[in-house]
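In what follows, a single structure is set out as structure tokens and then discussed.
The values are calculated or read from the model by the stated rules, or taken from the named source; none is laboratory data. Not measured: the values here are computed from a predicted model. Reconstructed Cβ throughout: ideal geometry from the backbone, glycine too, with neighbour counts over all protein chains shown. We work out accessible area using only protein heavy atoms, side chains counted, and drop any ligands, DNA or RNA first. Shrake-Rupley method; radii C 1.70, N 1.55, O 1.52, S 1.80 Å.
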Amino acid sequence: MVVRYKVCIDCSDPHLLARFWAQALDYVVEDHSPLIDSLLAEGAPIRDHLVEVDGRLAWRTAAGIRDPEHPVNAETGVGQGGRILFQTVPEPKQGKNRLHLDLHVGADRVDAEAERLCGLGATRLGEGHEEGGSRWIVLADPEGNEFCVA
């Protein structure tokens, strides 16, 4: 049996990181407003958990992005395939990531992609090489989470 999963990233500003990573991966930011609207219509006490983002109600402490080629649940806005959830935590990032994303764009596009991502708010941290000629650039997202472009 296949196990479905999502990648969760702790952060201080989930909406900032959702926008960055949606652009980085060519994903879309999930729209949870249909679920939020239905909960509000039912009288659920959730107002303190909401914030307005890009003209619609969103969860204050969480934002998701999804692969636009996979199905989405129309009632919740949650993607049913490749998905990353950004969730607010009280403590700041400390130390090196134990898990990171590698964005595989091809050897001929590494420099251009790293430059594009820096234009979106990433920071260039360094470069790596392996025997055999493979090369990657290490970047950090707007909150300092490391990732590689190869």
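Details
- Residue check, residue 33 touching a Pro at 6+ places or on another chain (Cβ under 8 Å) and either among the polar types (S, T, N, Q) or more than 21 Å from residue 80 (Cα to Cα) (or both): no
- Across region 60-79, the qualifying residues are those that are touching a residue at least 24 places away in the same chain (Cβ under 8 Å), open to solvent by 60 Å² or more (accessible area, probe 1.4 Å) and not β-branched (Val, Ile, Thr), and the one among them that is nearest to residue 26 (Cα to Cα) is 68.
- Test: residue 66 is of a type in the set (D, E, K, R) and touching a His at 6+ places or on another chain (Cβ under 7 Å): no
- Residue match in region 126-149 (condition: surrounded by 14 or more Cβ atoms within 10 Å (Cβ to Cβ), part of a loop (DSSP other than H, G, I, E, B) and among the aliphatic types (A, V, I, L, M)): no
- Taking each residue of region 129-149 that is under 20 Å from residue 11 (Cβ atoms) and among the acidic types (Asp, Glu) and looking for partners that are in a loop (DSSP other than H, G, I, E, B) and open to solvent by 70 Å² or more (accessible area, probe 1.4 Å) with beta-carbon atoms closer than 8 Å, six or more apart or interchain, yields 143/12; 143/93; 146/96; 146/100.
- Every residue from region 81-92 that is open to solvent by 40 Å² or more (accessible area, probe 1.4 Å) and modelled with pLDDT under 90: 92
- Filtered by the rule that a residue be in contact (Cβ under 8 Å) with a residue 12 or more places away in the chain and either in contact with a helix residue (DSSP H, G or I) (Cβ under 8 Å, 6 or more places away or on another chain) or open to solvent by less than 40 Å² (accessible area, probe 1.4 Å) (or both), region 41-56 gives 50, 51, 53, 56.
- Taken together, 59, 21 contain a single residue that is out of contact with any helix residue (DSSP H, G or I) (no Cβ under 9 Å at 6 or more places or on another chain) and among the aromatic types (Phe, Trp, Tyr), which is 21.
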